[in-house]
Amino acid sequence: MPGLAVAGTVVAVGTNVTRFSLGDEVFGVSRGAFAEYSAAREDKLAPKPSGLSFE
């Protein structure tokens, strides 16, 4: 079963993405989250609070 929880740094964005930019730290859900890279819809991610680590 693929993982769902993701957290990381945005390394690419689609042409219609308006909420996130390269380098933003985010968390959310995406299919195949066990991979080193994962694609997620913009509405399935949120900015990671700056006071929290990825751990």
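With the convex hull drawn over the C-alpha atoms of the chain, the volume per residue is 79 Å³.
Computed from backbone phi, the HN-Hα couplings of segment 5-22 come to 7, 10, 7, x, 10, 5, 10, 7, 9, x, 5, 9, 6, 10, 7, 10, 10, 4 Hz, rounded to whole numbers (Karplus: 6.51 cos²θ - 1.76 cosθ + 1.60, θ = phi - 60°; Gly and Pro given as x). Around the amide H of GLY3, modelled in the peptide plane, lie the amide H atoms of GLY32, ALA33, PHE34, all under 5 Å away and 5 or more residues distant in sequence or on another chain.
With neighbours defined as other Cβ atoms within 10 Å of a residue's Cβ, the residues PHE54, PHE20 order from fewest to most as PHE54, PHE20.
Each value in this text was obtained by applying a stated rule to the coordinates, not by laboratory testing. This structure is a prediction, so every number in the text was calculated from the model and none was measured. Cβ sites come from the backbone with ideal geometry, for glycine too, and all protein chains shown count toward neighbours.
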